[in-house]
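Heads up: the structure comes next, in structure tokens.
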Amino acid sequence: MSTELYACVHAAEFPAQALLRLRQDLQGEPIAVIEGRPPHEFVCSMNRHALNKGISQGMTRLDVEGLDGVKFLARSPETEAAARAVLLECVAQFSPRIEDAGGATANAFVLDISGMERLFGTPAQLADRMRLALQSAGFRVSIAISANYHAARMKAAATRGVAIIAEGAEASALANLPLTSLELAEDPREVFAMWGIRTLGELAALPEVELITRLGPDARTWRELARGTHAHLFRPIEPEFTLREFCEFDDAVEEIDSLLFLGARMIDCLVARASERALSLALVTAHMRLEGGKSHQCVLRPAVPSTDRKFLLKLLQLEIGSHPPQAAVVALELVAEAGRCGTVQLGLFTPQAPEPSRLDVTLARLRAIVGDDRVGSPVLEDTHRAGSFRMEGFAGAAAERKREPGVPRMALRRMRPPVPVRVMQRNARPAEFRDGQNRFEITSAFGPWRSSGCWWSEDNWDLEEWDVLAERNDGSSVACLLVCDRGSNEWRLEAYYD
């Protein structure tokens, strides 16, 4: 008994499947995928509804336009590449050893499933689970399982549904397949046509010695393939996990609602793929290709990684609403970064915080109203300019630092905006100042501390700071920070020390 066991997943008419996987509104219509430049456009792929109308590969667009109800879609290599990555990711759930066996307009992968019975059951059960997983991802495939690599590949390409080939029955299972399954060159194909050989069973019945004598040593390989006994050196590929969905529109999309309709389906696919690996979406970037060659980008940054489809779609809606594209969209791509959503244990008497999803939606609405640079948490910039900061998105709560008991602390309370004051100086040091209402007598002054920067731009500064202790008219004392703008020779009260 052989220990080898292979499962071939064959997705026929892959250009059409890639375009229709995210287009639920076109699933029930006859679709013909065309490529080439006008007026030499021809059909390269179609769905089953178009096949029932008599459309075949190679037909010109002019020939197909005579049929009623057929819709044309342009072939998109980018969409096919994204769909192929999703298909490969789906089949990788069932085996780590995968070999690419696609060709022409079909996409196929062969999996080494030997030893997978304990995980997925019998080969028939594994095939059913695999087909359901691919169907939920939007693919229509045929699956064949055999102990011979080539038998599984040819059987999956020539039949529909699920086929299980028992070990030793490869020849009978392949007997009725057409000779085109071998993908022969033109010369041997013509020779077999003159001999009247049409199926693999007829080729397998030919005597081996006479066949090799007439057609050369390659005939032995053809005969072994037809009998399901040809050996194969398995060359597995290493799929890379990427969360990416791409769709190119046949007609440019101008309305946001139409764009979100497709975006909802793309988010569903990203969430489903991430959930299968126990992951969440930590960052989603929407790339839009616009008419005229320009591009537009929106970034979704939830506070915590999430798999909530409605929440992510709402964030996308608010982000596009606050930053709409400046032209019609011809292609949409969603790229996500995976993350793990941790669980936070709250204390018994800790007040309940708002849900991160609701907080994100609220912040997105505020950004749409007041602007991105006015919502977030302040972060000090790496500069010597006093009070220079920028706004960044809210981060998770940081761990509370323990304070040493008995250590005095001093706080600097900034005045927003600073208060203009008049300062009198003695011996180049401030002696008293007035803020318009009170007069302050300075008892101690520490400084000056000078700082300057950005002398090459209009946003330059040249400041002189003084820490002073002063007394009011009523005898109370204050500690404050006085700043002199040396460029304009103006004084202002910047802060109080508490």
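How high is the FRET efficiency between ALA386 and ARG277 when r is their beta carbon distance and R₀ equals 35 Å, given to the nearest 0.05? Could the numbers behind the result be given before it?
Working: r = 48 Å, r/R0 = 1.38.
Approximately 0.15, to the nearest 0.05.
If I model a spin label at LYS71 and ASP25 as a point 7 Å from the Cα along the Cα→Cβ vector, what separation in nanometres do I get?
Rounded to a tenth, the inter-label distance reads 0.8 nm.
Rounded to the nearest percent, how much of the accessible area of the chain (1.4 Å probe, protein heavy atoms only) is carbon and sulfur? Present the calculation step by step, with values, prior to reporting the outcome.
Numbers: 14490 of 28970 Å².
Summing carbon and sulfur atoms, their accessible area is 50 percent of the total for the chain.
Can you pull the accessible area of HIS49 for me, 1.4 Å probe, Å² to the nearest 10?
HIS49 exposes around 60 Å² with every protein chain in place.
Pick out, from PHE311, ALA32, VAL421, the residue whose Cα sits farthest towards the positive end of the charge dipole of the chain, with +1 on the Cβ of Lys and Arg and -1 on the Cβ of Asp and Glu.
After comparing all options, I get VAL421.
If r is the Cβ-Cβ distance from PHE349 to ASP308 and R0 is 25 Å, what FRET efficiency results, to the nearest 0.05?
Values: r = 29 Å, r/R0 = 1.15.
Between PHE349 and ASP308 the formula returns 0.30.
Take the eigenvalues of the Cα gyration tensor for the range 17-151, scale each by 5, and report the square roots as semi-axes in whole Å, largest first.
33, 15, 13
Can you tell me the convex hull volume per residue for the range 255-348, based on C-alpha atoms, in Å³ to the nearest whole number?
Convex hull of Cα atoms, per residue: 98 Å³.
Once the dipole of the range 1-152 is set up with Lys and Arg at +1 and Asp and Glu at -1 on Cβ about the Cα centre, which of MET46, THR122, PHE14 lies farthest towards its positive end?
THR122
Which value, in debye to the nearest 20, gives the size of the charge dipole of the chain about its Cα centre, when Lys and Arg are +1 and Asp and Glu are -1 at the Cβ? Can you show the working numbers first?
Numbers: 57 positive and 68 negative charges, 254 e Å.
Charge dipole, the chain, about its Cα centre: 1220 debye, nearest 20.
Compute the helix-to-body angle for 149-158: its Cα long axis versus the longest principal axis of the chain, expressed 0 to 90° and rounded to tens.
Taking the Cα atoms of the chain, the angle to 149-158 is about 90 degrees.
Just to be sure I understand: of the beta bridges DSSP finds with both ends in the chain, what percent are antiparallel, rounded to 5? List each step's numbers first, then the result.
On the way: 89 of 96 bridges.
So the antiparallel bridges amount to about 95 percent of the total.
Sum up the charges of everything whose Cβ sits under 10 Å from the Cβ of ALA144, counting Lys and Arg as +1 and Asp and Glu as -1, but leave ALA144 out. Working shown, then result.
Numbers: positive: ARG153, LYS155; negative: none.
Value of the local net charge: +2.
State the percent of C-alpha pairs, over all pairs in the chain, separated by a distance greater than 45 angstrom. Mind dumping the intermediate values first?
On the way: 52090 of 123753 pairs.
Within the chain, distances greater than 45 Å cover 42 percent of Cα pairs.
At 1.4 Å probe size, with no ligands or nucleic acids counted, give the accessible surface of LYS314 in Å², nearest ten.
The value for LYS314 is about 60 Å².
Roughly how tilted is helix 186-195, in degrees to the nearest 10 and between 0 and 90, from the longest Cα axis of the chain?
30
Measure off 7 Å from each Cα along the Cα-to-Cβ vector at ILE369 and GLU254, then give the distance between these two points in nanometres to one decimal.
If labels sit at ILE369 and GLU254, their model points lie 3.1 nm apart.
The values are calculated or read from the model by the stated rules, or taken from the named source; none is laboratory data. Worth saying up front: this structure is predicted, and the values here are computed from it rather than measured. Heads up, the Cβs are rebuilt from the backbone with ideal geometry, glycines too, and the neighbour counts pull from every protein chain shown. When the accessible area is computed, the model is the full protein with side chains, heavy atoms only, and any ligands, DNA or RNA have been set aside. Shrake-Rupley method; radii C 1.70, N 1.55, O 1.52, S 1.80 Å.
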